[in-house]
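Below is one structure; the comments refer to it alone.
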Amino acid sequence: MGMMLDAARASWDEVEAAIKKGLIAVLPVGAVEQHGTHLPLLTDTVLATGVARRIAEGCGALLLPAIAYGDAWTAEGWAGTLSLSPTTLRAVVEDLGRGLQRMGVKGLVTINGHFGNREPIALAARTLSEIGFPVLHLDYPRLEALAAEVVESAPAGPGFYHADEVETSMMLALAPDSVRMERAKAEYPDFPELFGVEPMKLSAFNSSGVFGDPRPASAAKGEQLIGGIAAESLRLVRIWRETHKL
């Protein structure tokens with residue numbers, strides 16, 4: 001296992017040399033989406049990139065530049081949110097996978113920072129697996145258990161972390177200059193009974209864009225969350241590599 005290679009800084013010959021040693025790639029997938037008034041629109045992309053970097057460092061992988069946009073349809077009621085259709089996002093992941101396979105990369109790990117991206121990424125992974133390119137698609141594994149251990153506030157809904165103590169803590173650990181804690185406020189909306197069983201914009205029942213209470217957030221909590229997610233991700237990557245002999 002070699003050193004991590006950052007594609008944003010690497011030259012082609014460095015990538016070629018690493019491929020000859022048996023390289024896997026790590027791809028963060030984020031979103032440009034509202035995160036309340038205290039966090040930036042790029043929160044999900046910043047978080048996915050930070051977690052992906054830890055994972056790439058831990059397994060000597062090629063860290064790819066993030067897909068900055070995602071399927072953020074549910075947040076389009078707030079200014080600034082820009083969304084890709086599920087079909088477009090799926091196609092982007094498939095195109096990148098084919099390109100990696102063509103250059104001789106052994107497999108791809110995706111690190112997803114946004115709920116709406118899950119299905120398009122999973123479908124892209126299935127298509128790529130059918131052409132013999134292994135993809136491990138991760139969505140912050142163990143986050144729910146880690147959040148229960150680390151944070152003080154309750155989530156707004158089961159496994160629902162958005163602009164809350166979890167995401168705000170992770171941002172304080174990764175990009176503190178972009179967090180404005182003096183503007184942080186809590187909102188615990190009532191989820192409609194049909195939430196999750198019909199398409200629904202979140203702005204129909206939430207005004208601030210915050211789900212939960214970001215105010216107890218800290219960089220130390222964020223570091224614990226990121227460290228725990230990275231450790232569990234690396235465990236799954238090891239199993240995946242053994243399974244596919246990568």
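Each value in this text was obtained by applying a stated rule to the coordinates, not by laboratory testing. Predicted model, so just to flag it, every value in this text is computed and none were measured. Because the Cβ atoms are built from the backbone with ideal geometry, glycine has one as well, and the counts that use them run over all protein chains shown.
Data table
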quantity	calculated
Share antiparallel - DSSP beta bridges, the chain, percent rounded to 5	25 percent
Positive-end residue, the chain charge dipole about Cα centroid, Cβ charges, pick of ILE24, LEU146, ALA156	ILE24
Crossing angle, helix 219-244 versus the chain [Cα axis fit, 0-90 degrees, rounded to tens]	40 degrees
Gyration tensor (alpha-carbon) shape descriptor, the range 108-246, a/c threshold 1.5	oblate
Among PRO65, PRO189, PRO158: highest mean-square fluctuation, GNM of the chain, C-alpha pairs under 10 Å	PRO158
Under 19 Å from the Cα of LYS20 - lysines, other chains or at least 8 residues apart	LYS106, LYS245
Cα-based helix-to-principal-axis angle, 165-174 vs the chain, degrees rounded to 10	50 degrees
Point-charge dipole on Cβ atoms (K/R +1, D/E -1) for the range 1-150, about Cα centre, debye to 20	420 debye
Filtered GluC sites (Glu not before Pro), the range 111-174: DSSP coil and at most 14 other beta carbons within 10 Å	GLU152
Rounded to 10°, Cα long-axis angle of helix 118-130 versus longest principal axis of the chain	10 degrees
Inter-centroid distance (Cα atoms) of the range 68-134 relative to the range 167-181, Å	25 Å
For the range 5-244, the Rg and Dmax computed from alpha carbons only, in angstrom	17.8, 55
